[in-house]
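What follows is a single structure, written as structure tokens, with notes after it.
The values are calculated or read from the model by the stated rules, or taken from the named source; none is laboratory data. In this text the structure is predicted, and so the values were computed from the model without any measurement. Because the Cβ atoms are built from the backbone with ideal geometry, glycine has one as well, and the counts that use them run over all protein chains shown.
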Amino acid sequence: MTKTKKVAIVILNWNGVKLFPDFLPSILEHSQGENIEIIIADNGSTDHSLDYLKTNYPTVTLMDLETNYGFAKGYNVALQQIDADYFVLLNSDVKVEKGWIEPCIKQFEKDQKIAAVQPKVLSYNEPEYFEYAGAAGGFIDKYGYPFCRGRILDKVEKDEKQYNTSSEIFWATGACMFVRADVFKNSGGLDADFWAHMEEIDLCWRLKNRGYKIVYEPQSTIYHLGGGSLEYGNPKKVYLNFRNNLFMLYKNLPKKKFTRRLLSRMILDGAAAAKFLLGFEFNAFWAVTRAHASFYKNFSLLLTKRKALQKQVIVNDHEQMFQESIMWKFFIQKKYNFADLNFNPK
């Protein structure tokens, strides 16, 4: 008889005590099993998160990291201390449904090359709509801009069961990512220099370059609040998104496409900064400027990382990368739904 694989559901918490009453009960109710452990790793919270959990949720395993490492390093530090076959990286602002674990684990069991699985992500506040962070699976265009089935830039689609087929994707959301524990650890985990934002896309790209698959599984559904740590549009979030996207491109772009695409991306970022300036969004403009300054400052570090990663590449071109500009499609051609892109990743 095959031994049941152990699943560790790990919630990285930072000052999230206000979220626990609304979200934690569904996770406890629908994550039962002797081989399933729920762990909350506290990332140096300054609220009373730990005391609240000890009093109200004594069955939950607590891990006190004692300092705020950020999302990426916080997960790395926590997961290195956990023994499991599969990790579930789960945000603290997520509600789950009954049977949300099994369909994702089945994906791993049927194909050893699947490294990560993402469920369907719907909005907690508007459950008939997909949620920004992940929707029905993530992709990037040739310049590195991310989008999803069910969400292009800030336009979110209604869930009409149009994405109810399991399929390979480019990246899985960090709001709820199932990942093989050994693959996560052997890959180096999330890039701690990202701090937060885009680190899950970077991880998935690195895994795909090593020949692994990332999969979307719609038979598992979660509901994500979003903006639990930094609200959408926050200048710090803008800074991290622009900076980390440049970091990710520099590390992972294939050699033959590297120079042209990186330069094109930097020009596009300049256009985005100009748009912020003309719209009197001065904080966002400054965030983009600081993001590029940080990229130049970290150039030598990124070069070292790129050289190491390029030696591990097995597969360089991916059918799940959109070989056009999502910005052109969205702003010029007014293509707001995934189906309008005529993009059929296999």
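A quick yes/no check of all residues on (1) of a type in the set (S, T, N, Q); (2) free of Cβ contacts under 8 Å to residues at least 40 places away in the same chain; (3) under 30 Å from A308 (Cβ atoms); (4) surrounded by 24 or more Cβ atoms within 10 Å (Cβ to Cβ):
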{"position": "P127", "(1), (2), (3), (4)": "no, no, no, no"}
{"position": "R149", "(1), (2), (3), (4)": "no, no, no, yes"}
{"position": "E157", "(1), (2), (3), (4)": "no, no, no, no"}
{"position": "S167", "(1), (2), (3), (4)": "yes, no, no, no"}
{"position": "F178", "(1), (2), (3), (4)": "no, no, yes, yes"}
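Taking the criterion of being of a type in the set (D, E, K, R) and not in a helix (DSSP H, G or I), the residues of region 157-197 that qualify are E157, K158, D159, E160, K161, E168, R180, D191. Listed here are the helices (runs of 4 or more DSSP H) enclosed by region 227-346 that have at least 1 residues being more than 30 Å from V94 (Cβ to Cβ) and of a type in the set (V, I, T): 255-278, 282-297, 299-310. Residues that are within 29 Å of Y132 (Cα to Cα) number at least 3 in the following strands (runs of 3 or more DSSP E) confined to region 1-117: 7-13, 36-42, 86-90, 94-96.
Scanning region 74-84 turns up no residue that is of a type in the set (S, T, N, Q), within 18 Å of D202 (Cα to Cα) and crowded, with 24+ Cβ neighbours inside 10 Å.
Can you give me the number of residues within region 8-63 that are at positive phi and polar (S, T, N, Q)? Residues that pass the stated criteria total 1. For region 265-275, the criterion of being touching a residue at least 40 places away in the same chain (Cβ under 8 Å) and of a type in the set (G, A, S) is met by none of the residues. Exactly one residue out of I169, I140 is under 15 Å from Q320 (Cβ atoms) and either in contact with a Gly (Cβ under 9 Å, 6 or more places away or on another chain) or at pLDDT below 95 (or both): that is I169. For region 246-258, the candidate set comprises residues that are modelled with pLDDT of 95 or more and farther than 13 Å from K142 by Cβ; within that set, the residue that is nearest to the chain's Cα centre (by Cα) is M248.
Every residue, every condition in (1) loosely packed, with under 12 Cβ neighbours inside 10 Å; (2) touching a residue at least 60 places away in the same chain (Cβ under 8 Å); (3) closer than 25 Å to A192 by Cβ, yes or no:
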residue	(1), (2), (3)
Y296	yes, no, yes
F299	yes, no, yes
K311	yes, no, yes
Q320	no, yes, no
S325	no, yes, no
I332	yes, no, no
